């Protein structure tokens with residue numbers, strides 16, 4: 001099993017190209033099930049989760065091919081991939097595939113909309129919380145589907161097709177919004193989704209569906225209206241830049257000091273996180289090429305944050321920001337409101353010398369003068385990269401174990417950091 005060894009002490013200077021967003025690419029790929037024509041997605045990141053979903057889609061009969069690649073000055077790649085579900089050969093998503101990645105459960109919406117039936121395994125547990133699928137089931141039932149759970153599978157049927165309806169999510173859910181919106185595109189009549197997620201990835205999916213012939217309005221607000229159509233057609237769509245990757249590298253630069261251009265990044269996708277960095281004493285400048293992050297000698301100031309749905313501070317940047325605050329001059333409070341059990345990185349940061357205590361869903365972080373390298377264990381995707389960020393300034397070497405988590409969501413992490421002066425190496429055991 002691979003590990004990443006980080007030798008701390010180097011500032012980051014240079015350019016990092018921001019990849020296509022994993023959290024946008026996955027639902028866009030799943031949307032290919034809604035049409036028999038080709039959906040071409042540009043700027044698809046090369047990630048373990050993307051490869052896992054490709055295997056799931058081919059199980060349903062989706063053909064795919066890589067149509068082109070983009071190469072930047074660091075030799076990093078972004079792919080154009082064509083997906084074509086000419087014929088759905090299987091409406092069952094088995095446990096051995098779904099259990100590898102929760103987002104694969106989302107195929108239930110397009111399969112039900114197009115084929116009027118689906119049998120999808122429950123995704124199982126999750127390291128950062130239970131993340132139940134009740135919102136998915138409730139929204140599809142509102143559209144007229146019959147939903148039953150048998151032997152660990154959700155069995156969905158809509159013999160006459162889905163019917164438009166008004167559904168209000170009892171809590172904001174990005175995944176459930178994705179699924180209900182995709183399902184409603186082929187439902188008869190009008191669907192209104194209230195208290196819908198406003199995240200940029202939801203907007204990106206809506207824009208792609210519109211390019212495929214869907215009739216959608218209100219995306220980007222808490223009320224999305226979908227007027228169903230008989231069929232969708234093919235389209236070409238570019239995956240938006242990854243706001244979580246952007247925020248992660250911004251915090252890495254803030255941690256080490258230096259000057260880095262995050263090429264291709266879009267500030268409106270993570271404005272709250274950028275505002276928090278400015279409050280912490282970090283330089284943030286929007287340019288025609290992306291976002292420039294600087295910190296040259298100034299101390300980090302403590303900042304209190306609360307994770308919230310978009311446009312608030314993203315839960316997927318909470319661990320990275322906590323790593324940053326371990327070196328601030330003072331005490332910060334970080335409150336997690338989205339997922340339970342998302343403080344598992346606290347004990348690993350403590351192994352590096354961080355001073356963090358927990359009070360319910362709030363972490364109290366008292367800044368220290370120096371972190372020291374040590375072996376640490378990655379517990380989930382965002383927690384693992386927070387340990388890399390801490391290792392960039394820790395004295396000596398930090399070895400991050402179980403980095404398969406990183407491969408799920410960060411494209412060419414070692415190359416991007418080492419290209420800006422970090423000493424980062426992947427080691428195979």
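Rule-based calculations on the coordinates, nothing more; no lab input. Note that the structure is a prediction, hence the values are computed from the model and not measured. We place every Cβ from the backbone using ideal geometry, glycine too, and count neighbours over all the protein chains shown.
Which value at 222 nm does the chain reach when only helices count, each DSSP H run of 4 or more adding -39,500 (n - 2.57), with the total divided by all residues and rounded to the nearest 500 deg cm²/dmol?
-8500 deg cm²/dmol
With axes computed from alpha carbons, what is the tilt in degrees of helix 48-59 against the longest principal axis of the chain, rounded to the nearest 10 within 0 to 90?
10 degrees
Residues of region 334-356 with backbone nitrogen within less than 17 Å of a virtual label 7 Å along the Cα-to-Cβ line of residue 427, please, listed as ranges.
Label zone hits: 352.
Label the chain by shape, choosing from rounded, prolate and oblate, from the square roots a ≥ b ≥ c of the eigenvalues of the Cα gyration tensor; if a/c is under 1.5 it is rounded, and otherwise prolate applies when a/b is larger than b/c, oblate when it is not.
Cα axes put the chain in the prolate bin.
Counting other beta carbons within 10 Å of each Cβ, put 173, 357, 139 in order, fewest first.
357, 173, 139
Angle check, please: helix 200-211 long axis (alpha carbons) against the longest principal axis of the chain (alpha carbons), in degrees 0 to 90, nearest 10.
Roughly 40 degrees, rounded to the nearest 10.
Rounded, prolate or oblate, given the Cα gyration tensor of region 22-238, with a/c below 1.5 counting as rounded?
rounded
By how many nm would the segment from residue 285 to residue 357 grow when fully extended, if each residue of separation counts as 0.36 nm and the alpha-carbon distance is taken off?
This chain segment gains 22.6 nm when fully extended.
So how tilted is helix 174-184 from the main axis of the chain? Cα-based, degrees 0 to 90, rounded to 10.
Between the helix axis and the principal axis of the chain, the angle is about 20 degrees.
Kindly work out what percent of the DSSP beta bridges joining two residues of the chain are antiparallel, to the nearest 5.
Among the beta bridges of the chain, antiparallel pairing accounts for roughly 70 percent.
Relative to the present Cα-Cα distance, how much length would full extension add between residue 194 and residue 415 at 0.36 nm per residue of separation?
Between residue 194 and residue 415, full extension yields an extra 75.3 nm.
Rounded if a/c is under 1.5, else prolate if a/b is larger than b/c, else oblate: which is region 203-296, with a ≥ b ≥ c the root eigenvalues of its Cα gyration tensor?
prolate
Taking 0.36 nm per intervening residue step and subtracting the Cα-Cα distance, what contour gain separates residue 148 from residue 397 on full extension?
Extra length available between residue 148 and residue 397 comes to 84.5 nm.
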